[in-house]
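The values are calculated or read from the model by the stated rules, or taken from the named source; none is laboratory data. Keep in mind it's a predicted model, so treat the numbers as computed, not measured. Here the Cβ positions follow ideal geometry from the backbone for every residue, glycine too, while neighbour counts run over all protein chains shown.
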Amino acid sequence: MGVSAGLVIALILFAVGIFIVIKGLLIVQQSEVMVIERLGSFHRTLESGIHVIIPFLDKPRAIQMIRYEKVGQEYKPIGSYEKRIDRRETVMDFPGQPVVTTDNVTVKINGALYYQIIDPVRAIYEIENMSQAVEVLAKTTLRSVVGKMELDKLFESRGEVNDAIQAAMEEPASKWGVKISRVEVQDITMPQEVEEAMRLQMAAERKRRATVTEANGERESQIAIAEGEKRAAILTAEGDKQAAILRAEGEQKSISLVLESLGDSDENKQTVVGYLLGQTYIKQLPNIAKDGERIFIPYESSALIGSMSMFRDVAGTPEVQEQTAREALRGGVTGGAAMS
């Protein structure tokens, strides 16, 4: 009977020992931390691995966390107490907040906050509800930053808004052992009348840009056409100039050949000049009344007769000179025409 009582006591002690060992044995996962209190005071921090604590004396301290779950079109907060503190980066997608800009437009902004618990002891003992404090800080900072901007600037400078919110939150969050990784402004919802006004403004701006682009294209086209016409006129003038020079050189050559054949005397020079003037005069007679309604007969017929007499004087030279002059004139005129 005595043996049986001892055995029972031994078994009881063994069971109590097993219970204490099991109760005091803790396994902490990677990236997790546990804050241990002994008799209500902070004792130590358990990192990842296997640890043994004294049951009933040592107790893990839980941290309160708030997360949002989307139910339908609304976000519902869900609170929980967690003994294992996750040191990984956590995202908090808080619901849209009404914010008034400097131009008195009320917009609803939905943001996301990325944070990480760096010091678990501060996160527990320096603030009563760490996650709620971070959320409220993010909302108030968002209102403060956006409230200093106009609506148009808000859409253009989302990156600046994110950086400003993060910079404003870093100092107070560091006192709680929390690191603010980044803040993202997700959705910006405007009143319907403001959205309609912005849509009309955008359409007008696009129309203005199209008109300016069309006007610039038309102006460039006109400039190109004018440049082309200018270039063509310059080339035409250059061609006329070269043709006139070549014709003058041909006529000069013809005169030189005629003077060489007739002799370089003053009388012969006058005869050749009179011949050329008479030839030009005769060529211009059909053009005098070409565009008019009446036929014009020159009054100074003596000039025509004088020119005819000069033709006769040139033709009345000796046979050798006459043949030479004709060949010279024929070659000069033909050469001048070919050059022109």
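State yes or no: is Ser181 among the hydroxyl-bearing types (Ser, Thr, Tyr), assigned to a helix (DSSP H, G or I) and modelled with pLDDT of 85 or more?
So Ser181 fails the test.
Given the residues Lys70, Lys108, which is the only one that is touching a residue at least 12 places away in the same chain (Cβ under 8 Å) and within 30 Å of Val194 (Cβ to Cβ)?
Sole residue among the options that is touching a residue at least 12 places away in the same chain (Cβ under 8 Å) and within 30 Å of Val194 (Cβ to Cβ): Lys108.
Do we have Glu74 as at pLDDT below 90, more than 21 Å from Val185 (Cβ to Cβ) and in the same structural domain as Asn162 (by TED's automatic domain parsing) here?
no
Consider only pairs whose beta carbons are under 6 Å apart and that are at least six residues apart or on different chains; among these, list those whose first residue lies in segment 138-155 and is among the hydroxyl-bearing types (Ser, Thr, Tyr) and whose second residue is surrounded by 15 or more Cβ atoms within 10 Å (Cβ to Cβ) and in a helix (DSSP H, G or I).
Partner pairs satisfying both residue conditions: Thr141/Ile165; Thr141/Ala168; Thr141/Met169.
So for segment 175-196 (the condition being of a type in the set (D, E, K, R) and exposed (fewer than 10 other Cβ atoms within 10 Å of the Cβ)), does at least one residue qualify?
Filtering segment 175-196 for residues of a type in the set (D, E, K, R) gives 175, 179, 182, 184, 187, 193, 195-196.
Okay, now just the ones that are also exposed (fewer than 10 other Cβ atoms within 10 Å of the Cβ), so 193.
Checked segment 175-196: at least one residue is of a type in the set (D, E, K, R) and exposed (fewer than 10 other Cβ atoms within 10 Å of the Cβ).
Residue-by-condition table, conditions (1) surrounded by 12 or more Cβ atoms within 10 Å (Cβ to Cβ); (2) over 54 Å from the mean Cα position of the chain (by Cα); (3) closer than 30 Å to Met149 by Cα:
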| site | (1), (2), (3) |
| --- | --- |
| Val21 | no, yes, no |
| Leu26 | yes, yes, no |
| Arg38 | yes, yes, no |
| Arg44 | yes, yes, no |
| Ile53 | yes, yes, no |
| Gln64 | yes, no, no |
| Asp93 | yes, no, yes |
| Thr102 | yes, no, yes |
| Ile109 | yes, no, yes |
